[in-house]
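Student: Below you'll find the structure I mean.
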Amino acid sequence: MAENCFHCGQGIEEERIEFDQKEFCCQGCKTVYEVLNINNLSDYYHLNQNAGVRPDSRGDHQFDFLNTKEIFDKVVDFSDDGISVVSFEVPVIHCTSCIWLLESLETINPSIISSNVNFTKKIVQITFRHEDLKLGDLARLMTNLGYKPSVNLKSIDKKEGSKTDRSLVSKLVVAGFAFGNIMLLSFPEYVEFFGDVKESWLEENKEYFRWAMFFLSLPVFFYSSTDYFRSAWQGLKNKYINLDIPIALGIIVIMFKSTYDIIFDLSPGYFDTLAALLFLMLTGKWFQQQTIKSLAFDRDYKSFYPVAVARLEDGVEQPILLSELKKGDRILVRNEEIIPADAILIRGEAMIDNSFVTGESRLIPKKSGDKIFAGGKQSGHAIELEIVSEVNQSYLTQLWNNDAFSKQESELNAFTNHISHYFTLIILGITLLSAIAWWFLDASLILKVVTSILIIACPCALGLSSPFILGNIMRVFGNKKFYVKNTATIENLAKITDVVFDKTGTITESDDANISYVGKELTSDLQVLVRSLLRNSNHPLSRTLHRKLNVNDHANVQDYEEIIGKGQQGNVDGYFIKVGSRSFVNAEGNSSLNQTEVYISINHVVYGKYIYKNRYRKGLNSLISKLEGYNLHILSGDNDSEKEFLQGIFPKNTSFMFNQSPTDKLEYIKKLEAEGKKVLMLGDGLNDAGALKQSTVGVTISDDMNSFTPSCDGILDARNFRLVPDFMNLSKQSMRLILIAFIISFAYNIIGLAFAITGNLEPVYAAILMPVSSVSVLLFATASTRLTDYLHKWNLE
């Protein structure tokens, strides 16, 4: 008869419930099993046997307070149009089954749209329909599944204080206290060992000292070592050999051998070694944490979003950085721009697309006085908003990192995990063979050899190499105003074979001094109409022309519509205005060489056109020459009037594609990738969202616009556009640095193993060298990337 619950795996003590030929420890576990089977989620048990968590059996009303409007508003991240997003901290998440089940919540309750788990932070973010499922009921559902959310003052206040791992510090203190006292109590043994002097009192009380060392070692073994035991057990439970298994084995061997020795009065044991070992390893772990914290890869929104926001001061637009945005500021948000912070609609007709937040793409109308949440995208008229809360760093970061917009995972991380897994298995084999060999050579050295091998051969330095070097490179890129989404972007950047450029707004920049007008006279009154229409658009040509027309722009615009790649139209004070391409306004004539033209139509009469004398970005020629060896492509939504001019700039083998719609661009990227190419797409983020997402690496070139799109992998300040080849070269160099770090890590292990296997390495020295190897890799990662950055000839202004 089974002694453990089929769901949670815990021992069946008070109650035994039989159901479906299985046994459960309580009604809660049985209920969860039923729920999973009813919803076809029985794979939960296939992923990890006994992975379940025993549900909390307390009252059903413990989460009713979440249904109170005031608390609901404080707890949720987002709530609009019947859809809310909430982030719950769930401390009991511990394995792949937990993640699988929590990310399958929409299968259990149709009111849940999606759920994502951040395993590291043990946070579950859930998007749900709050009109069908109350927040309290959602928390209760998770509790009934065994994943009770931790809702406390921190959740309500939404404050993230600096987290200090007090548990690690307390374990370190306990190990340090025991280490010092055990060394003191070992004094009689050392006196005897190092000299011939025998003090009778010490000799007579030696046994008491040994047992005192034993009792001092107990908190070290049962408390300070628990992280290693827990990690090793979780690995074995999940049938995975992790890095802590050899260390846990070493600790157990030392403790039991030492206890055996003092019980049978064979020796004083190795309690001093055990305490020193834990003290040094925990010190190394703490130092490692501090080093990681000091590197601070978790960047803030100020570096993530180098985009400007149009703040209104006395009705005049004043571009400011997002980081300067304050509560109470009034801002202007144009068509296709992201709402940067929670705000109240003051003026205009808002049509908000919350697909970046909720995943559901539809336009939600808002009227004056309505609250609009950060992350929504305005579609249509420019609107005026008043900011009601500070820019939320983690929330905006989360938008960019949304799984829906993520690409493939890091191949390096997968490779490192694979290597580490087999590395640990090999070490366990070496340990066994060494123990057998020393049994025949000198059995008294088995403990020292086995312990030293298990401690010294830790591949954790191997696992640290890649994230630290790539993390440092990310910071170097950030200092040059190139902000990449994750380390996988740098890996992918090193593999690029083809570079695809968008034209307008990417390789060209527009200056209002280079715009001229040809056609019927546009009176000031008509210019007011045109400028009022242009005010709503975020397209670079529209913004440049808006700056050029020095007239009032507050005419009433209705039925505004912007057709991507063509133009914009709307009724302005009773006039039907169209601004856009020749075909869009049905104009006649041909386009001129090296010119971009924007036509004006008023009440279906073509008045004329604004001619943009294109100015290519500074350093474009140098950039193209440095990209020798790459296949280059131009994808433009404009006509081919500049083809001949561009052919004079780009290499002969460059592919030119004009009159490309956003769909055409996407299909072109797909075609290249189908041929095995790795594509870097450089666009302005407006018409290229699909192509940016499809490409291996998609980079948005940002001038002073809020052109953030979650589809891109990086945002590059337009002023550093010419540095694109440098970023690609540095990515390749970072791959070489990772290879060197791997070699250093393996060298440590091979040399250390050689000493350990031959019996020439004391366990305590192994405990010192193990964290030293990790720290040295961290120092190498930091120093080498900084040196590479220093030696690189950045052409910065």
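The values are calculated or read from the model by the stated rules, or taken from the named source; none is laboratory data. Please read these numbers as outputs of a predicted model, since none were measured by experiment. Cβ coordinates were reconstructed from backbone atoms using ideal geometry, including for glycine residues, and neighbour counts include every protein chain displayed. Side chains are part of the model used for accessible areas, which takes the heavy atoms of the whole protein and leaves out ligands, DNA and RNA. Shrake-Rupley method; radii C 1.70, N 1.55, O 1.52, S 1.80 Å.
Student: Could you tell me whether region 387-407 includes any residue that is farther than 17 Å from ASN538 by Cβ, at pLDDT 85 or above and either of a type in the set (D, E, K, R) or open to solvent by 60 Å² or more (accessible area, probe 1.4 Å) (or both)?
Tutor: Within region 387-407, none of the residues are farther than 17 Å from ASN538 by Cβ, at pLDDT 85 or above and either of a type in the set (D, E, K, R) or open to solvent by 60 Å² or more (accessible area, probe 1.4 Å) (or both).
Student: Mind checking which residues of region 376-386 are in a loop (DSSP other than H, G, I, E, B), crowded, with 22+ Cβ neighbours inside 10 Å and in contact with a Leu (Cβ under 7 Å, 6 or more places away or on another chain)?
Tutor: ALA382
Student: Starting from region 314-337, keep only residues that are within 16 Å of SER542 (Cα to Cα), then list their pairs with residues that are open to solvent by less than 80 Å² (accessible area, probe 1.4 Å) and of a type in the set (Ser, Thr, Tyr) whose Cβ atoms are within a distance under 6 Å, requiring at least 6 positions of separation or different chains.
Tutor: Pairs that qualify, where the first residue is within 16 Å of SER542 (Cα to Cα) and the partner is open to solvent by less than 80 Å² (accessible area, probe 1.4 Å) and of a type in the set (Ser, Thr, Tyr), are ASN335/SER537.
Student: Scan region 244-279 for residues that are closer than 19 Å to LEU184 by Cα and either open to solvent by 50 Å² or more (accessible area, probe 1.4 Å) or small (Gly, Ala, Ser) (or both) and report the count.
Tutor: Total satisfying the criteria: 7.
Student: Additional query: Scan (1) closer than 30 Å to PRO725 by Cα; (2) assigned to a helix (DSSP H, G or I); (3) more than 30 Å from the chain's Cα centre (by Cα) for the single condition GLY471 breaks and write down its number.
Tutor: Condition not satisfied by GLY471: (3).
Student: Which of the residues belonging to region 550-563 are among the charged types (D, E, K, R), touching a residue at least 40 places away in the same chain (Cβ under 8 Å) and surrounded by 15 or more Cβ atoms within 10 Å (Cβ to Cβ)?
Tutor: Result: GLU562, single match.
Student: Does any residue of region 564-579 turn out to be among the basic types (Lys, Arg) and farther than 21 Å from GLU509 by Cα?
Tutor: Yes, the conditions are met somewhere in region 564-579.
Student: Out of GLY28, GLY52, GLY59, which single residue is modelled with pLDDT under 70, within 19 Å of THR143 (Cβ to Cβ) and under 32 Å from the mean Cα position of the chain (by Cα)?
Tutor: Values: GLY28 fails: under 32 Å from the mean Cα position of the chain (by Cα); GLY59 fails: under 32 Å from the mean Cα position of the chain (by Cα).
Result of the check over GLY28, GLY52, GLY59: GLY52.
Student: Count, please, the residues in region 81-101 that happen to be open to solvent by less than 30 Å² (accessible area, probe 1.4 Å) and at pLDDT 80 or above.
Tutor: Residues that pass the stated criteria total 7.
Student: In addition: Quick one: which residue in ILE292, ILE251, ILE245 is of a type in the set (A, V, I, L, M, F, W, C) and either touching an Asp or Glu at 6+ places or on another chain (Cβ under 7 Å) or modelled with pLDDT of 80 or more (or both)?
Tutor: Only one candidate qualifies: ILE251.
Student: Show the residue pairs meeting these rules: Cβ distance below 9 Å; 6+ apart or different chains; first residue within region 520-549 and under 16 Å from GLU337 (Cα atoms) and of a type in the set (D, E, K, R); second residue part of a helix (DSSP H, G or I) and open to solvent by less than 30 Å² (accessible area, probe 1.4 Å).
Tutor: Final answer for the pair search is ARG535/SER542; ARG535/HIS546; ARG543/LEU534.
Student: Right, here's the next one. SER655: over 19 Å from PRO540 (Cβ atoms), open to solvent by 50 Å² or more (accessible area, probe 1.4 Å), of a type in the set (Ser, Thr, Tyr) and at pLDDT 85 or above, yes or no? Break it down stepwise before answering.
Tutor: Details: over 19 Å from PRO540 (Cβ atoms): yes; open to solvent by 50 Å² or more (accessible area, probe 1.4 Å): no; of a type in the set (Ser, Thr, Tyr): yes; at pLDDT 85 or above: yes.
Judged against the criteria, SER655 is not a match.
Student: What number of residues in region 130-148 are at pLDDT below 85, in contact with a strand residue (DSSP E or B) (Cβ under 8 Å, 6 or more places away or on another chain) and part of a loop (DSSP other than H, G, I, E, B)?
Tutor: 1
Student: Could you list, ordered by first residue, the pairs with Cβ atoms under 6 Å in which the first is in region 202-230 and part of a helix (DSSP H, G or I) and the second is of a type in the set (Phe, Trp, Tyr), at least 6 apart or interchain?
Tutor: Correct list of pairs: MET213/PHE271; SER217/PHE271.
Student: Show the residue pairs meeting these rules: Cβ distance below 9 Å; 6+ apart or different chains; first residue within region 564-579 and on the phi > 0 side of the Ramachandran plot and surrounded by fewer than 15 Cβ atoms within 10 Å (Cβ to Cβ); second residue assigned to a strand (DSSP E or B) and aliphatic (A, V, I, L, M).
Tutor: Going by the 9 Å Cβ cut-off, the qualifying pairs are ASP573/VAL557.
Student: In region 478-500, what residues are assigned to a strand (DSSP E or B) and within 21 Å of ASN795 (Cα to Cα)?
Tutor: The answer is PHE482, TYR483, VAL484, VAL499.
Student: Restricting attention to region 158-207, and to residues there that are open to solvent by less than 60 Å² (accessible area, probe 1.4 Å), farther than 18 Å from ASP261 by Cα and modelled with pLDDT under 75, which single residue is nearest to the chain's Cα centre (by Cα)?
Tutor: GLY161
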